Structures are given as structure tokens and as C-alpha cells.
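For reference, the structure is listed below as C-alpha cells.
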Amino acid sequence: MTSEQPRPTEPHRVVIVGAGFGGLEATNRLAGAPVHVTLLDRRNHHLFQPLLYQVATASLATSEIAWPIRYLQRGRPDVTTLFATVTGINAQEKRVLLDDGEALPYDTLILATGARHAYFGHDEWEPFAPGLKTLEDATTLRRRILVAFERAERERDAARRAALLTFVIIGAGPTGVELAGTIAELAQDTLPPDFRNIDTHKARVVLIEAGSRVLAGFADDLSAYAQASLESLGVGVMLGQAVTECSADGVVYGGKRLEAKTIIWAAGVRASPAAEWLGAAADRAGRLQVRPDLTVPGHPEIFAIGDTVLIAGPDGNPVPGIAPAAKQQGRYVANVIKARLRGETSAPFKYKHAGSLAQIGKRKAVIDFGRIKLRGTIAWWIWGLAHIYFLIGLRNRLSVALSWLWIYVRDQRAARLITQGSSKVAR
Ligand SMILES: Cc1cc2nc3c(=O)[nH]c(=O)nc-3n(C[C@H](O)[C@H](O)[C@H](O)COP(=O)(O)OP(=O)(O)OC[C@H]3O[C@@H](n4cnc5c(N)ncnc54)[C@H](O)[C@@H]3O)c2cc1C
């Protein structure tokens, strides 16, 4: 695959790196175009990240929010799916470089490699405060949360038991808020009848945020509602307090030390190294700065989309790192490629913000559609229906709806499994 032969009859080769929201949408929208698509991902599954926190909190199983990429493309003979990790790009020779030394040629390249959590220069905190981005992250968090309750059940020392029953979430964006609310409900509603030596109602959930409000991307009144709802679930909300230390025993924030055995990082993200691969300009979060048509400056044959790029929206602010934005960009790029093959030009990418949603507990959510703002149970129903709608496949939709119904009616969370080890190795 490393030497390029003349290909007079072969279709245009589009290589798409990343089968997340952006890459998958671009692949889907290229159906019927005179191209051959190679879709690469270092994971074999497409992941519905907005519901990852439900796996981390034992509400949903991993298979309910992830699908094998190969299976999703089974009806597309024009798409080759490869399970492979990209380590660089040779833009001069138009090749994608893989970790096993292979080099894959392309005519057009789409980089849709997303982002990962970032620790603002404190990478040493990661082992103590894992973030949430992959299925492995979610099952690791689930394990830590459930093991903390198990160890508390056997702990005789009151201070150590209190630390085991203290759960700290750093960062009060949607993921932090959703995790805090769900862990509080797990402790208040789901677990109490199952333990004999501890009262799980006494578990402490603390949400720490350096900014001045929770859900900073939402309108002020929705932030205030979310904070009040969290507090009514027993969550301690600490605003305007930056965390300055994380260790196996707890955190230091606002100059105070809090003993806690479970710490979760939901505070910051860093783009994939796509900009580094190309030696292209990036912002402080590593987001590649693309042109208005989402191409990389100096490389009209390379597009970059989704969480890994920085581009201004119609209001002048950066397009947010959310699934609908990545999908809109994937759709746009597929249309540009099709237009180019017809010899046509395209207008610049224009982002349309549909709204922001966050769940606070099993009966409360906030929705900010701009002019229309919703809160409470009605917002929760819309939140639930929207998420079920965006899942892939009828089986998963039914399965998630049933799991939520069980939580709603019976407070039971079916995925309370401690995997990856026995009680001997429980951390
Ligand atoms: C916990 C969490 C909750 C979220 N909640 C919401 C929400 O409620 N609503 C919302 O709209 N958005 C939410 N988001 C954000 C949303 O998931 C992202 O904006 C969206 O996934 C971005 O799509 P993408 O295609 O850019 O990247 P991704 O969907 O992250 O896909 C990137 C893909 O690239 C692959 N990849 C990366 N590097 C390589 C490599 N070197 N080689 C091969 N493959 C590679 C990855 O495996 C992945 O499959 C949430 C994100 C997280 C982490």
C-alpha cells in the first residue's frame, strides 16, 4: 500500500479518520457518491457519548450506547471499515500513517478524531480523578463508584468510611451535573435497601466548579434551577473554587481539604493531535484552525471536523464541541466533496445551534432552545425522547427506554456490575 499506481478507473478515494458523530455522518452522507470511502477508527465501535455517564452510574449497559462500526456499514459495499490507529499524516504524499507502519493513500481526507479530557497541565491527577470519554472510562468509573460502597460496608473506622462515601466531581458542565445528580440518586434511592452496615443516604456528593455557576453554557435562570435541583438531591455545589490538588485520598479546593476516595474529572478537554500531525495552527486546547469550508489551510484536499477543530459560529463564538455540531460539519463536508466531483463550488459552513440539554436527575432536566427555555419534568421527558430518538436501532431504543422506565418506576439500575477483578483487587 505504500506505492501509488495509476488508477484510471478507480473511484475517488476518501479516507475518514474517526467514526464518531462527525466521521459517521460524513460516511453516511457520501452514500451514492462516486467515491470509495475508507473509514478508520482505533475503536471497533461508534459511541453515543452523551449517555456515557449512565454507564458510569450503572444505569445502562455498555452495549446499549455503542455499536460495531463494521456492522453499521454492512450495507455499504463502497465503504471499507478498518480497525486502525492513526499516528500521523504525510500531506505531501497524501498518505495516512498508521501505528503499525502502514501508509494509506487518499485523494480526500477527513479528520474527525474528536477530543479527550485534559487536566490543565496536571496530568499526574489522571490516576486519581479519571475522566469520561470512552467505554473503558465509564466502566472504570462504575467500578470505582460501586467498589467505594462495597468497601464502606466493611469499613469500621468512621473517618475512612466517610471518605469512601464521599464522591467528588470536578467541573459543573453538563457531564459533571449529570454525574452528580445520578450518583446522588443512586445513593438516595437505589442502594439503601441493599446494604446492612452503612446508610447510603449519608453518602456525600460534592460538585466543584471554578466558574461562578453550574451549566455555564445555559441561560442564567436555567443554571440557577439546575443548582437548586442538585442541592435538593443533596449534592454540595461549590462554585468559584478551583481544585489545586488531587490525590488517592481526596482533593484540595479553595484552600480546603476534602477526604474522598472517588474523584471524577469533568472539567476540561483537549483536541486530538490532528493539528500536530499536519503542523497546522491550533488554539490552546489543541483545536485545529480550519478555513470557512472546513479545509486545513494550504490543503484543500484535507477537511477537519467536530471536536478537533476551531471555527467561529454565526455569533462569532467558537462552534461548541457537541454532537449536533460534529454531525452538521460531517454532512457539510460530504456535500462539498460531492459538489467538487461535479465541478461545483460550495458556500462556507454555517453552524445552526439547535439547543442545549442537560439532565439533572431522573425527573428533572433543563433545555435551552434560545428563545424557548424549559425545566423540570417536561424538559426531562423531552430530554429522554430526544436521546432515544438519536440512538441507533430499534433494539437499543427499546432497551434504553425500558431501562429508564425501570429506574423511573422502581429505582432499580440494572447495570450494577463490578467487572475487571474480584474483591481481592478492589481499589
Ligand atoms: C461524557 C460526555 C458527554 C457528552 N454529552 C453530550 C451531550 O449531552 N450532547 C452533545 O451534543 N454532546 C455531548 N458530548 C460531546 C459529543 O460527544 C462530541 O461533541 C462529539 O462526540 C464530537 O464528535 P466527533 O466526531 O468530533 O468526535 P468523537 O465522537 O469523539 O469521535 C472521534 C472518533 O475518532 C476516533 N479516533 C481518535 N483518534 C484516533 C486515531 N488516532 N486513530 C483512529 N481513530 C481515532 C475515536 O476512537 C472516535 O471514535 C459529550 C461528550 C462526552 C465525553
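What to note about this one:
- Filter result for Arg213 (out of contact with any strand residue (DSSP E or B) (no Cβ under 6 Å at 6 or more places or on another chain) and closer than 19 Å to Gly240 by Cα): yes
- Here the condition is being among the small types (Gly, Ala, Ser) and assigned to a helix (DSSP H, G or I); of Ala354, Ala401, it holds for Ala401 alone.
- Number of residues in segment 27-54 that are more than 9 Å from the ligand (Cβ to nearest atom) and assigned to a helix (DSSP H, G or I) equals 4.
- Residues of segment 370-394 that are under 29 Å from Ala66 (Cβ atoms) and touching a residue at least 40 places away in the same chain (Cβ under 8 Å): His387, Phe390, Leu391, Ile392, Gly393.
- Some residue of segment 175-198 being assigned to a loop (DSSP other than H, G, I, E, B) and small (Gly, Ala, Ser): no
- Among residues of segment 55-71, those that are among the hydrophobic types (A, V, I, L, M, F, W, C), away from the ligand (no atom under 12 Å from the Cβ) and closer than 17 Å to Gly23 by Cα, counted: 0
- Residue tally, condition under 17 Å from Ala115 (Cβ atoms) and aliphatic (A, V, I, L, M), over segment 297-340: 10
- Residues in segment 253-266 that are closer than 20 Å to His117 by Cα and in a strand (DSSP E or B): Tyr253, Thr262, Ile263, Ile264, Trp265.
- Residue within segment 135-149 that is in a loop (DSSP other than H, G, I, E, B), buried (at least 18 other Cβ atoms within 10 Å of the Cβ) and either more than 13 Å from the ligand (Cβ to nearest atom) or among the charged types (D, E, K, R) (or both) present: no
- Test: residue in segment 151-159 that is aliphatic (A, V, I, L, M), within 19 Å of Cys246 (Cα to Cα) and more than 26 Å from the chain's Cα centre (by Cα): yes
- Single condition Thr87 does not satisfy, out of (1) within 11 Å of the ligand (Cβ to nearest atom); (2) within 30 Å of Ile183 (Cα to Cα); (3) among the hydroxyl-bearing types (Ser, Thr, Tyr): (2)
- Screening Arg340 against (1) part of a helix (DSSP H, G or I); (2) within 19 Å of the chain's Cα centre (by Cα) leaves a single unmet condition, (2).
- Only one of the listed residues (Val17, Val35) is buried (at least 16 other Cβ atoms within 10 Å of the Cβ), under 18 Å from Ile305 (Cβ atoms) and touching a Pro at 6+ places or on another chain (Cβ under 8 Å). That residue is Val35.
Per-residue answers, yes or no, for (1) closer than 30 Å to Ile372 by Cα; (2) within 15 Å of the ligand (Cβ to nearest atom); (3) in contact (Cβ under 8 Å) with a residue 60 or more places away in the chain; (4) in a loop (DSSP other than H, G, I, E, B):
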| site | (1), (2), (3), (4) |
| --- | --- |
| Ala285 | no, yes, yes, yes |
| Asp293 | no, no, no, yes |
| Pro300 | no, no, no, no |
| Pro314 | yes, no, no, yes |
| Pro320 | yes, yes, yes, yes |
| Tyr332 | yes, yes, no, no |
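- Counting only residues that are buried (at least 19 other Cβ atoms within 10 Å of the Cβ) and in contact (Cβ under 8 Å) with a residue 60 or more places away in the chain, segment 152-167 holds 4 of them.
- The residues listed here are Leu417, Leu402, Leu391; of these, the one that is modelled with pLDDT of 90 or more and loosely packed, with under 15 Cβ neighbours inside 10 Å is Leu402.
- Extreme residue, surrounded by the most Cβ atoms within 10 Å (Cβ to Cβ), among residues of segment 58-100 that are of a type in the set (Asp, Glu) and in a loop (DSSP other than H, G, I, E, B): Asp78
The values are calculated or read from the model by the stated rules, or taken from the named source; none is laboratory data. These numbers come from a predicted model, not from an experiment. Cβ sites come from the backbone with ideal geometry, for glycine too, and all protein chains shown count toward neighbours.
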